[in-house]
1. Being polar (S, T, N, Q) and more than 27 Å from G146 (Cα to Cα) is true for just one of N324, N282, N318, N312. Which residue is that?
2. Go through the stretch 257-274 and give me each residue that's out of contact with any Cys (no Cβ under 8 Å at 6 or more places or on another chain) and either within 30 Å of E45 (Cβ to Cβ) or buried (at least 16 other Cβ atoms within 10 Å of the Cβ) (or both).
3. Look at the stretch 256-291 and say how many of its residues are at pLDDT 95 or above and either β-branched (V, I, T) or not assigned by TED's automatic domain parsing to the domain that holds P235 (or both).
4. Just to confirm my filter: which strands (runs of 3 or more DSSP E) fall fully inside the stretch 99-188 and include at least 1 residues that are aliphatic (A, V, I, L, M) and on the phi < 0 side of the Ramachandran plot?
5. Does T245 satisfy the condition of being in contact with a Cys (Cβ under 6 Å, 6 or more places away or on another chain), farther than 21 Å from A136 by Cβ and either in contact (Cβ under 8 Å) with a residue 40 or more places away in the chain or surrounded by fewer than 17 Cβ atoms within 10 Å (Cβ to Cβ) (or both)?
6. Taking E210 as meeting all but one of (1) more than 20 Å from A170 (Cβ to Cβ); (2) among the acidic types (D, E); (3) touching a residue at least 24 places away in the same chain (Cβ under 8 Å), write down the number of the exception.
7. Name the one entry in G199, G218, G227, G207 that is out of contact with any strand residue (DSSP E or B) (no Cβ under 7 Å at 6 or more places or on another chain) and either closer than 28 Å to G133 by Cα or assigned to a strand (DSSP E or B) (or both).
8. May I ask you to list the residues in the stretch 271-304 that are within 30 Å of L85 (Cβ to Cβ), in contact with a strand residue (DSSP E or B) (Cβ under 7 Å, 6 or more places away or on another chain) and of a type in the set (A, V, I, L, M)?
Amino acid sequence: MSFGFNFRRFAMAGLALVMAGVAVDFAGAAKARKPARPVYTCPCEAAKSDPDFLLQGEYVGDKVGVQVVAMGKGQFQVVTYKGGLPGAGWVGAAAKTAEAKAKTRTVAQCDAAAAKAAVKAMKRIERKSPTLGAKAPKGAVVLFDGTAETLKDHWEKGEMNDAKLLTQGAVSKDRFGDCTIHVEFRLPYKPQDRGQGRGNSGIYMQGRYEVQMLDSFGLEGRDNECGGIYKTGRPRENMCLPPLTWQTYDIQITSARFDADGKKTANAKVTVRHNGVLIHENLDCPKPTTSFMREFADESKPGPIYLQNHGNPVVYRNIWVVKN
């Protein structure tokens with residue numbers, strides 16, 4: 001015997017009630033069946049409301065690193081790296097050496113008790129980007145420093161929240177060609193979400209070439225994950241830190257080149273450091289990212305910095321640009 005939900009019977013019963021003059025809230029019933037998934041934008045709030053947040057994070061032992069990823073409702077992924085954490089001892093699978101083959105990455109699904117047991121003899125660490133809080137050098141354009149003045153002077157679209165952080169969807173008034181960009185960002189904690197729904201945003205250089213921002217903590221590091229450039233290049237290492245940790249991108253972009261007749265002679269090139277670690281070096285960008293800003297399709301002209309709004313509460317601070 002099946003006790004599964006039959007929507008057709010539910011709807012027919014509702015229609016009968018409506019015909020009898022009784023109001024039926026179908027939308028309310030659907031909402032009741034699908035409660036909202038939790039979204040945390042502040043570490044203090046997450047620590048107070050979700051015990052899983054306190055267990056997730058990075059751990060180190062003897063020539064081993066572990067990332068414990070909260071997946072919601074007491075479930076975790078435990079990702080083990082032989083040799084040490086990404087950017088701190090682990091040689092990624094992309095490195096074709098005998099040493100790399102010996103330093104593997106394994107993923108286990110488990111509950112909280114098993115996750116605690118896996119890191120019992122290890123030390124929990126909280127890594128910080130070495131470029132966090134980097135001061136803008138002389139001559140830099142300070143796009144955002146937490147003041148109303150920089151928000152007003154440098155952003156066509158953009159809002160600042162009560163914590164004086166820039167919110168997603170901002171587009172700079174300034175247009176840039178060859179330049180170096182520093183940006184600090186913080187991804188929300190959404191333990192029950194998956195994939196592209198988990199803290200999605202991105203920074204578009206010249207409104208065209210996107211370096212993805214996404215909660216990819218513990219993932220393998222693909223071109224649609226944090227640090228990746230869609231359809232163009234995956235990061236050398238997945239340097240994404242746990243959600244609600246401040247992270248940095250330091251990006252150098254060289255614009256596409258054109259001759260006197262308007263023919264492209266060289267593609268745009270991008271070098272990216274994620275939390276201080278080189279993840280792309282002179283990466284060739286043959287065309288804009290799929291979801292680029294259409295009004296900036298002409299690669300021969302400068303374009304803005306765009307912080308993508310993908311419906312996730314990602315925040316940014318300390319944004320400055322040096323024109324090269």
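The values are calculated or read from the model by the stated rules, or taken from the named source; none is laboratory data. The structure displayed is predicted, hence computed values, not measured ones. Don't worry about glycine lacking a Cβ; one is built from the backbone with ideal geometry, like all the others, and counts go over all protein chains shown.
1. On inspection, the qualifying residue turns out to be N282.
2. T271, V272, R273
3. 6
4. Working: elements: 105-111, 123-125, 141-144, 155-157, 179-186.
Correct list: 105-111, 123-125, 141-144, 179-186.
5. When the stated conditions are applied, T245 does not pass them.
6. Every condition holds for E210 apart from (1).
7. Of G199, G218, G227, G207, the one residue that is out of contact with any strand residue (DSSP E or B) (no Cβ under 7 Å at 6 or more places or on another chain) and either closer than 28 Å to G133 by Cα or assigned to a strand (DSSP E or B) (or both) is G199.
8. Of everything in the stretch 271-304, those that are within 30 Å of L85 (Cβ to Cβ), in contact with a strand residue (DSSP E or B) (Cβ under 7 Å, 6 or more places away or on another chain) and of a type in the set (A, V, I, L, M) turn out to be V272, I279, L283.
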